[in-house]
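**Q** One structure coming up, written as structure tokens, with questions to follow.
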Amino acid sequence: MKRLFLGFVLIIVLQACSKKITTGTVANTKWTLSEWMGQTLPTKEKATLNFGADNQIGGKSFCNSFGGKSTISGNTLKIEEIFGTMMFCESVAQAEKNYTDGLKAVNSFKVVDGKLQLLKDGKVMMVFIKGE
């Protein structure tokens, strides 16, 4: 009986600590890219990702601004229909292409210790910190 009670308490504690992921988890939030697996972050420019209302996304891809659409269901995430301004920024041109391609490639997300992680097939691809 004592083990059953302790098991029940443990389940309640673990459920209280886990954060349920919903569209509301990221709606109307702004994030700044802080880690990019397999890529080098440009030192002078920043990339951002903003989730607005109605599944709209936007942000800065180091030099240009972009927008698009996101679909969130549980912890699955699909980013598509990305469009952007077309200023030529030679020093970050390849990073911009890789960033938007990377956003389109992710298929899930999670928020861990206040950081947004974008994943592809369970592997973390990008990590963002809360933006302003």
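Please treat every number below as a calculation from the coordinates, not as lab data. Since we're looking at a predicted model, the values are computed, not measured. In this analysis, Cβ positions are derived from the backbone assuming ideal geometry, glycine residues included, and neighbour counts consider all displayed protein chains.
**Q** Using the number of other C-beta atoms within 10 angstrom as an exposure proxy, rank 108, 91, 34, 61 with the fewest first. Don't jump to the answer; show the numbers that get you there.
**A** Numbers: 108 20, 91 12, 34 15, 61 25.
With the sparsest Cβ surroundings first, the list reads 91, 34, 108, 61.
**Q** Hey, rough spin-label estimate for residue 113 and residue 29, points 7 angstrom out along Cα→Cβ, what's it come to in nanometres?
**A** Label at residue 113, label at residue 29, 1.6 nm between them.
**Q** Okay, moving on. So what does log10 I(q)/I(0) come out to for the range 21-130 at q = 0.13, 0.14, 0.21, 0.23 Å⁻¹, using the Debye formula with one equal point on every Cα and no solvent?
**A** With one equal scatterer per Cα and no solvent, log10 I(q)/I(0) is -0.42, -0.49, -1.16, -1.41.
**Q** Now for a separate question. Exposure proxy check: 25, 100, 71 ranked by fewest other beta carbons within 10 Å?
**A** Final ranking by Cβ density, sparse to dense: 71, 25, 100.
**Q** Something else: Among the trypsin sites (Lys or Arg not before Pro) in the range 34-101, which ones are in a DSSP loop with at most 15 other Cβ atoms within 10 Å of the Cβ? Mind listing them?
**A** Loop-located and lightly packed - 44, 46.
**Q** For residue 81 and residue 127, calculate 0.36 nm times their separation in residues minus their Cα-Cα distance, and state this gained length in nm to one decimal. Before the final figure, lay out each step's value.
**A** Values: separation 46, 0.36 × 46 = 16.56 nm, distance 2.15 nm.
Length gained, residue 81 through residue 127: 14.4 nm.
**Q** Next question. If I stretch the segment between residue 120 and residue 91 completely, what's the gain in nm (0.36 nm per residue apart, minus their alpha carbon distance), one decimal?
**A** Roughly 7.8 nm would be gained on extension.
**Q** Using the basic label-point model (7 angstrom from Cα toward the beta carbon), what is the residue 40 to residue 104 distance in nanometres?
**A** My value for the distance between the label points is 2.5 nm.
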